[in-house]
Amino acid sequence: MPQKDCHVCKKESHLISGFLGVCLECLRFKFHSAFPYVKKAHEESRAVFNLPKSVPRDAGGKTCSLCALSCQIPEGGGGFCGLKRVRNGVILGLDARYAKVSWYLDPLPTNCVADWICPGSSKEERGNYNLAVFFHACNLNCLYCQNWHFRELTSTSRWESVDAMLSALNERVSCVCFFGGDPSPQVHFAINFSQRVLKRKKKLRICWETNGLFSKKFLKKVVELSLESGGIIKFDLKAYNKEVHLALTGYTNEAILENFAEVAKHFDERKSVPLLTASTLLVPGYIDEKEVEGIAKFIASQNPEIPYRLLAFYPHFYMRDLPLTSKEFAYRALEIAKSAGLKRVSLGNVHLLR
């Protein structure tokens with residue numbers, strides 16, 4: 001692969017994203033100098049989809065409390081997720097009956113981050129379905145997003161109702177998984193749907209695949225729904241160093257780690273199926289041994305029984321110039337995670353390893 005140079009230290013490497021233009025070491029130790037390039041990359045990537053360049057912090061704006069970003073949206077402006085708008089002093093897009101969302105029936109076993117620990121992968125579940133609920137918005141801006149096409153739907157797709165999604169259920173649906181995008185910017189809709197569907201069908205797992213940026217006031221209900229239904233909450237812990245996380249995703253990870261720790265408090269309340277699991281995409285050049293060790297030690301400090309999955313990377317979106325994850329690094333990362341004290345670690349997307 002061609003060599004790219006870091007705009008800060010001038011080092012050349014094929015493990016530097018040309019679009020981001022900054023190497024991992026400069027993100028860690030020279031972030032003040034690296035930040036202008038980080039800011040430029042994220043602003044350019046969002047402008048293509050007519051999304052706000054940054055998290056709005058207007059002192060006189062209306063505060064949206066649906067997710068942990070708590071956007072302060074000015075009159076006529078929009079939230080970072082691209083859904084919430086302020087018109088005449090009112091935030092539009094807060095009606096829990098509607099969401100920018102699509103769904104489909106996915107035969108079990110399905111390609112899920114938690115498939116190695118989920119009952120949906122058992123022989124007993126073959127022939128059943130997962131109702132896969134794909135939200136058309138996100139409150140992060142990952143430059144390597146594997147589902148980046150949702151951004152085209154944030155503004156163009158229509159608002160769907162809870163009633164319409166309920167009509168997709170049948171007797172063979174045994175789990176619901178909210179993903180996207182991310183469920184957290186539209187968590188009120190997901191909760192509303194979950195409560196209504198569980199009144200109809202008692203034996204139905206409610207699962208979440210998320211970046212973890214839930215607001216505190218909704219996180220409690222998210223935990224309750226999954227804990228009682230037998231579902232799993234799957235956090236994508238993208239980086240440990242907050243500057244690296246900001247560079248890759250457009251926002252820091254403090255609220256994510258706090259939310260993970262909050263969910264982890266309930267981990268031992270259910271023994272049969274893990275309530276909580278985490279995953280990390282091994283992005284070459286940016287998620288190295290230190291990042292994996294930091295994340296793994298953090299998880300182990302909450303509960304060493306929490307399952308952790310490392311995922312091989314496929315070049316995508318604005319980081320298409322990075323290579324696939326190497327087999328050597330992936331298995332080294334696996335051992336690092338185990339050495340950090342975690343008892344349940346696995347490697348996913350192994351077919352992508354080079």
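Of the cross-linked pairs 39/221; 234/271; 202/338; 53/220; 217/265; 220/290, which ones have a Cα-Cα span greater than 25 Å in the structure shown?
The pairs that break the limit, which is 25 Å between Cα atoms, are 39/221; 202/338; 53/220; 220/290.
Could you give each residue of the range 108-114 its phi-based ³J(HN,Hα) in whole Hz, using Karplus coefficients 6.51, -1.76, 1.60 with θ = phi - 60°, and x for Gly or Pro?
My calculation for the range 108-114 gives 8, x, 10, 7, 10, 4, 9 Hz in order.
What whole-number distance in Å separates the alpha-carbon centres of the range 263-298 and the range 55-89?
Going from one Cα centre to the other spans 31 Å.
How far apart, in nm, are two points set 7 Å out from the Cα along the Cα-to-Cβ line at residue 316 and at residue 147?
Output for this residue pair reads 0.9 nm.
Restricting to the chain, compute how many DSSP beta bridges are antiparallel as a %, nearest 5.
Details: 18 of 46 bridges.
Close to 40 percent.
Let me know the charge dipole size of the chain about its Cα centre in debye, to the nearest 20, where only the beta-carbon of Lys, Arg (+1) and Asp, Glu (-1) is charged.
Its charge dipole is roughly 560 debye.
I need the fraction of alpha carbon pairs in the range 7-140 separated by more than 27 Å, rounded to a whole percent.
Tail of P(r) above 27 Å: 49 percent of Cα pairs.
Using a cut-off of 16 Å between alpha-carbon atoms, which lysines can reach residue 11, once sequence neighbours fewer than 8 places away in the same chain are excluded?
30
For residue 84, enumerate residues with amide H under 5 Å from its amide H, sequence gap 5+ or separate chain, H modeled in the peptide plane.
When sequence neighbours closer than 5 places are left aside, the close amide H contacts are 79.
Between 296, 239, 168, which gets the highest mean-square fluctuation from a Gaussian network model of the chain, Cα cutoff 10 Å?
Evaluated over the chain, the most mobile residue of the options is 168.
Taking amide H atoms as placed 1.01 Å from N in the peptide plane, list the residues 5 or more away in sequence, or in a different chain, whose amide H sits under 5 Å from that of residue 57.
Under 5 Å from the amide H of residue 57: 72.
Pick from 332, 97, 205 the residue whose mean-square fluctuation is largest in a GNM of the chain, springs joining Cα atoms under 10 Å.
332
Would you please put 268-275, 6-13 in order of how densely packed they are, using the mean number of other Cβ atoms within 10 angstrom per residue and starting with the highest?
Values: 268-275: 12.8, 6-13: 15.4.
Going from most to least packed, we get 6-13, 268-275.
Over the residues of the range 52-236, compute the C-alpha Rg and express it relative to 2.2 N^0.38 Å.
Here the Cα radius of gyration is 1.03 times the empirical estimate.
Full-extension gain between residue 92 and residue 28, please, as 0.36 nm times their residue separation minus the C-alpha to C-alpha distance.
19.2 nm is the gain from fully extending residue 92 to residue 28.
Using a simple spin-label model with points 7 Å from Cα along the Cα→Cβ vector, what separation in nm is obtained for residue 350 and residue 297?
Simple spin-label model gives 2.9 nm for this pair.
With only Lys, Arg, Asp and Glu charged, each at its Cβ (+1 for the first two, -1 for the last two), find how big the charge dipole of the range 1-97 is about the Cα centre; round to the nearest 20 debye.
For this selection, approximately 100 debye.
Running a GNM on the chain with Cα contacts under 10 Å, which residue among 309, 200, 85 ends up with the highest mean-square fluctuation?
200
How much length, in nm to one decimal, is gained on full extension between residue 123 and residue 65, taken as 0.36 nm per residue of separation minus their Cα-Cα distance? Kindly include the intermediate steps, with their values, before the conclusion.
Details: separation 58, 0.36 × 58 = 20.88 nm, distance 4.15 nm.
In short, 16.7 nm is gained.
Report the paramagnetic label zone for residue 196: residues of the range 60-101 whose backbone N is under 17 Å from a point 7 Å from Cα along the Cα-to-Cβ axis.
Answer for this model: 93-101.
222 nm [θ] for the chain, helices only, -39500 (n - 2.57) per DSSP H run of 4+, per residue, to 500? Display every interim value, and only then the final one.
On the way: 10 runs with 109 residues, N = 354.
Computed mean residue ellipticity for the chain: -9500 deg cm²/dmol.
Read the figures in this text as sums done on the coordinates, not as results from a lab. Just so you know, these numbers come straight off a predicted model, no measurement behind them. Neighbour counts are summed over all protein chains in view; Cβ atoms, including those assigned to glycine, are modelled from backbone coordinates with ideal geometry.
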